[in-house]
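**Q** Sharing a structure, written as structure tokens. Questions coming.
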């Protein structure tokens, strides 16, 4: 699914830089499902996301909102990528 067909769940109190980092993480999640991701890049994007969204509750809400519009679960992507030992990881349907 192309990212132009839906809006990312964003908190409009974030700075432009923070929004870009959150969108970058969601792009990594999309790539995980659509093609593949470099494990280190994905985890780095997730760590940055967690600096902006430290609350588990807000993270879960953003994940739910993102899954609603994209069909992709950030939570499941994080689980699979973090458990993988491989340099490149893709969703195993």
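**Q** Normalising by the residue count of the chain, find the relative contact order in percent from Cα pairs under 8 Å and 6+ residues apart.
**A** Here the relative contact order equals 39 percent.
**Q** So, one more: Compute the acute angle (0 to 90°) between the alpha-carbon long axis of helix 56-70 and the principal axis of greatest extent of the alpha-carbon atoms of the chain; round to the nearest 10°.
**A** 70
**Q** Working from Cα positions, state the angle (0 to 90°, nearest 10) between the long axis of helix 16-34 and the longest principal axis of the chain.
**A** 30
**Q** Tell me what the chain gives for mean residue ellipticity at 222 nm when only DSSP H runs of n ≥ 4 count, each as -39,500 (n - 2.57), the sum divided by the residue total, rounded to 500 deg cm²/dmol.
**A** -20500 deg cm²/dmol
**Q** Determine, for 63, 11, the number of other Cβ atoms within 10 Å of each Cβ, and report the residues in order from fewest to most.
**A** Ranking 63, 11 by Cβ neighbours within 10 Å, fewest first, gives 11, 63.
Any read-out appearing in this document is the output of simple, stated calculations on the displayed coordinates, not a laboratory observation. Values in this document were obtained by computation on a predicted structure and should not be read as measured data. For neighbour counting, all protein chains shown are included, and Cβ atoms are generated from backbone atoms with ideal geometry for every residue, glycine included.
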